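The structure appears right after this line, and notes come after that.
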Amino acid sequence: MTMNNMRSRVLIFFSIAVIAGTVFAFWHYGFAQGATYFNFSYDVDPLVVSEGQTFNATLTSPVSLTGAGIPLDIVLLLDTSNSMNYPSLVVERTHRLQEDASSGGGDTTDRFCLQLYRINLDEIPPGGTTPPPSSPPPAAQHENEHQKMSFFGALNAYAATWYEFLPGGIQAQWSASSPGSGWENSGLTDCNGGAHTLQDASSCSPSSSSQKLYLRASAAPDLTISWVGSSDPVATEEDSVRDCNGTTSHDVNEKDESTCSNTISSGRGGFGGGGDQDQFLRITGGIASPWQYSVRKGWHENQCLSGWTDTGLTDQNGYPSYIPSRLTRAKEALTTFVSLLDTSIDRASLVTFNGVDGAIVHSGLTADTNLLSNRIQSLSARGNTPMGSGLQAANGVMASARNNVGKYIILAGDGQENMAPSVLNIMASTPSDVTVFTIGIGEGIQDIVQSDCAALQQQVPGAPCQSGEATLQAVAANAGSGDGQYFFAPDASQLTTLYTDILKLIRDRELQSVRAKVTIRPEFEFISAVPAPDFVDRSGDDTLVTWPLGELRSGDSVTINMTLRALTALPETSQPQDINKNTNLSTISYIDSGTLQPNAEDLPVMQIRVVRDLAVVCSPSVANAFIGDSVLWSSSVAGGFAPYTYTWHGEKVEGASGSSVTVTYDTVGTKTASLTVRDSNGATVDQQCDSGVNISSFPIINADLTAVPSRGPGPLLSVNLNAQLTTGYDSSKGVNYSFWWDCDSATTDIASAAGACGSLPSSAPGTCVSNTNGAKCDAIMSSMQSVGHLYPNSSKTNPATFMPKVIIEHGSALPAEDRTTIIVDPIPVSANLSCSPTLAFIHNPTDSAVFTGAGGDEGNYSWDISGSSPDRCTGIESDDGLTFSVRCFNNGTRDIILEDGTNPPRTCKLQVNVPEYEEF
């Protein structure tokens, strides 16, 4: 069958640009050096850009997978119960049966024939065009007789005879008195006193000498006998004896005294149409074992073969003359399957299961395909369906599977288990690295078989009553890795194609967990991409961008289109310049399903030419200085063509040349400068410097306060307060740092801050001392100072906010201050409130039971007693509230209830059973 006909989660892959994939992650082990499956090229548009201009860069590659596949360890698990003796194709559902020309016409090219032979149920003959009988068939009887034997049921070998044996291995005969031991009176009588076969054409009146129909079977069956209404025997699965009486009903004890017509159509040979007046004696019972007479059915061209009986029915569909059993088709499929294995790397095992032999491991995992083929050909089917035992045996075989190979179990059958253990209970023990495929065989697999349900539930109480298809679907979806698939073969002749397709599906290689990574150089800005990346990291000088590409196969393609902006043009000697970095920094990585190894291939380095116009930037070395201090004015020139000439303009710098100039100022105020730059091509730029210098007669300092961390969870958050003197620092002089833990005051005066936020302790030079208000650090020979503090939050719901403050004093400069904000989040409360033990017992009057709480808000526990007569019990909480000791003074059951004000209450049970106590 084709894959499109499978009831399966079939994966179909199309040519793609990029597929959404998994969460971003790096492998923690090195990549294997394997085959190259990509051939990336890039396109940049436009080829030349100016600084600040955007452009597109596109990476593309086809995917081409080469190399050997992963080795396989496969267990072929086959149902060999009685159902596998059913025909591979149910003729009644696919053939239009017609009587021959003598009774209504029809194409007589192919004829439906019967062969009677004696078989051993333990050794059912193999299928073929003319299956050989174990003993010659008896002579055909019943010609032109009014009452005829009608036998039908499964199309393969089954228990029925043309003459003395009814279906089910039941022997029948007429007798005026009991024929002997083991015979059972059917309750039906015949008024003819003479000898006859089961079909009787005579007419008679009631007589005391009437004969009775006796039946027996070697297995002492529980016989059931009843008359049923008109019916087409070909469409039923019951075994019957036809009666020509036209009455609408029979009583099993009623004599059959009717006179019947002698006209019987030639198509009535046990399978023909028959009129509305036909009725059937339905007989069910045990099987004569191990030997019984059986009937083989088949289509033959033009006329029946020697030893076969013509039924008078013809076929218009042209199907083959012999219909093999499901088991025959399964043998063909498995033989083909093992012939396709690569014996240099693959191994397979054959395991079967039936109700007579149980689960049989015919071969462990082996590369000997001849051995496997011989074991397959020796298979026979019988008994019920212990599918759970079969999977259990297959799991055992998988224990010897190799590491780093593909591990599979292929389970085929009708899914109608009727013996313990249930496969639904066994599938949880299938190793997680094993994938289980299941194949449902036969159209009836969607039906619920109540007898199989009853048999299984008698041995496994609570086992679900469901169709065989539902069971096989559950095994594929839940056993082992859970990635299995279920396939459906309504016609067992499709099995060979199906097994071949499954092997192709297993062998179909793919690149899994494919990811692209591009590291963009700092001279470029990443703006966007199609498809959108799942991770962009701009925290460093470079920008890291990644994409998940999912799973790729041969014939797929990868396309990533990025929009970038050129930020910086490098010197002319490095043009064109690289856009991205290589050597493990720009890669496409994947896991090769053919080797199960991670691998990575480098992406190409993309290049573009970036140019810029002549640009000049100039600035002073400091923003603030004192009279007499040195101030450096410097410049930066880009673009244009070197060499450059410089001319400075402004107080103290006027007319200076060179890229920088150092001056001192002797007056206060804000000093500015500008610069004229000319390149070798004559391009000129006049640039006002970015900022001026504030010249003061006394020093100016600035303070900066930061908190690390500035936010976090309670109840206590450890924070480092880092103060820095950012400007005006004189390393020859000490610095005083005054910290307040929480002070929202903007003052730079120490006394005012102490009045508003609390006094600080005194400290010796070079040391720090802290109290509940803050910390004091005096004469510190550093422009930076850190102190630590614990910030609390006792709330379960609201954050706590603090405003630490620092005042910095340094030399003759005016003090500087800075503040920052710290947020302490609420105390997290666990949602996992629990009480244990869930059930406690008191059997002695002096005993008490102790219950313990866990999780939730442990500081807010409360305990209570409820149930019958709670007032006859006492409870004592521990000091921390985590435990609760209970003692009761009469028998009964109480509920011990634990609450924390946040989570739902939890309840434990206390059972008091003290002989001296009364019942409440």
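Points to keep in mind about this one:
- Selection from segment 472-492 of residues that are within 21 Å of Asp433 (Cβ to Cβ) and assigned to a loop (DSSP other than H, G, I, E, B): Ala479, Gly480, Ser481, Gly482, Asp483, Gly484, Gln485
- Check on Ala756, open to solvent by 30 Å² or more (accessible area, probe 1.4 Å), more than 60 Å from the chain's Cα centre (by Cα) and under 20 Å from Ser732 (Cα atoms): no
- Counting only strands (runs of 3 or more DSSP E) wholly contained in segment 759-805, the ones carrying 1 or more residues that are open to solvent by 60 Å² or more (accessible area, probe 1.4 Å) occupy 768-770, 784-792, 800-802.
- Looking across Asp534, Asp508, Asp501, Asp491, one residue alone is in contact with a Pro (Cβ under 6 Å, 6 or more places away or on another chain) and either on the phi < 0 side of the Ramachandran plot or crowded, with 16+ Cβ neighbours inside 10 Å (or both). It is Asp534.
- Among residues of segment 769-782 that are of a type in the set (A, V, I, L, M, F, W, C), those with a Cβ under 6 angstrom from a residue that is open to solvent by 40 Å² or more (accessible area, probe 1.4 Å) and not in a strand (DSSP E or B), sequence gap 6+ or separate chain, pair up as Ala779/Gly766.
- Residue in segment 519-534 that is without any contact (Cβ under 8 Å) to a residue 60 or more places away in the chain and aromatic (Phe, Trp, Tyr) present: yes
- Single condition Gly355 does not satisfy, out of (1) open to solvent by less than 40 Å² (accessible area, probe 1.4 Å); (2) modelled with pLDDT of 95 or more: (2)
- Qualifying residue in segment 663-670 (condition: under 25 Å from Arg612 (Cα atoms) and more than 60 Å from the chain's Cα centre (by Cα)): no
- Residue within segment 567-577 that is open to solvent by 10 Å² or more (accessible area, probe 1.4 Å), of a type in the set (D, E, K, R) and either modelled with pLDDT of 90 or more or in contact with a Leu (Cβ under 9 Å, 6 or more places away or on another chain) (or both) present: no
- Subset of segment 652-674 [open to solvent by less than 80 Å² (accessible area, probe 1.4 Å), farther than 19 Å from Val616 by Cα and not aromatic (Phe, Trp, Tyr)]: Val663, Thr664, Thr667, Gly669, Lys671
- Residue check for Ser691: exposed (fewer than 15 other Cβ atoms within 10 Å of the Cβ), in contact (Cβ under 8 Å) with a residue 60 or more places away in the chain and in the same structural domain as Met803 (by the TED database): no
- Selection within segment 596-648: residues that are crowded, with 18+ Cβ neighbours inside 10 Å and β-branched (Val, Ile, Thr). The member of this set that is farthest from Pro71 (Cα to Cα) is Val631.
- Within segment 729-753, tally of residues that are part of a loop (DSSP other than H, G, I, E, B) and surrounded by fewer than 14 Cβ atoms within 10 Å (Cβ to Cβ): 5
- Matching option when the condition is within 13 Å of Ser634 (Cα to Cα), assigned by the TED database to the domain that holds Trp633 and buried (at least 17 other Cβ atoms within 10 Å of the Cβ), among Val685, Val677: Val677
- Listing of strands (runs of 3 or more DSSP E) fully contained in segment 825-887 that carry 2 or more residues being closer than 17 Å to Gln911 by Cβ and open to solvent by 60 Å² or more (accessible area, probe 1.4 Å): 839-842
- One residue from Asn599, Asn624 being of a type in the set (S, T, N, Q), touching a Gly at 6+ places or on another chain (Cβ under 8 Å) and closer than 30 Å to Lys504 by Cα: Asn599
- Ser710 surrounded by fewer than 18 Cβ atoms within 10 Å (Cβ to Cβ), at pLDDT 90 or above, under 60 Å from the mean Cα position of the chain (by Cα) and of a type in the set (S, T, N, Q): yes
- Subset of segment 449-463 [part of a loop (DSSP other than H, G, I, E, B) and loosely packed, with under 13 Cβ neighbours inside 10 Å]: Pro461, Gly462
- Some residue of segment 903-918 being closer than 22 Å to Pro826 by Cβ, touching a Cys at 6+ places or on another chain (Cβ under 9 Å) and assigned to a strand (DSSP E or B): no
The values are calculated or read from the model by the stated rules, or taken from the named source; none is laboratory data. All of these numbers come straight from a predicted model, not from anything done at the bench. Ideal geometry is used to build each Cβ from the backbone, glycine not excepted, and the neighbour counts take in all protein chains shown. Just so you know, the surface numbers come from the protein's heavy atoms only, side chains and all, with ligands and any DNA or RNA stripped out. Shrake-Rupley method; radii C 1.70, N 1.55, O 1.52, S 1.80 Å.
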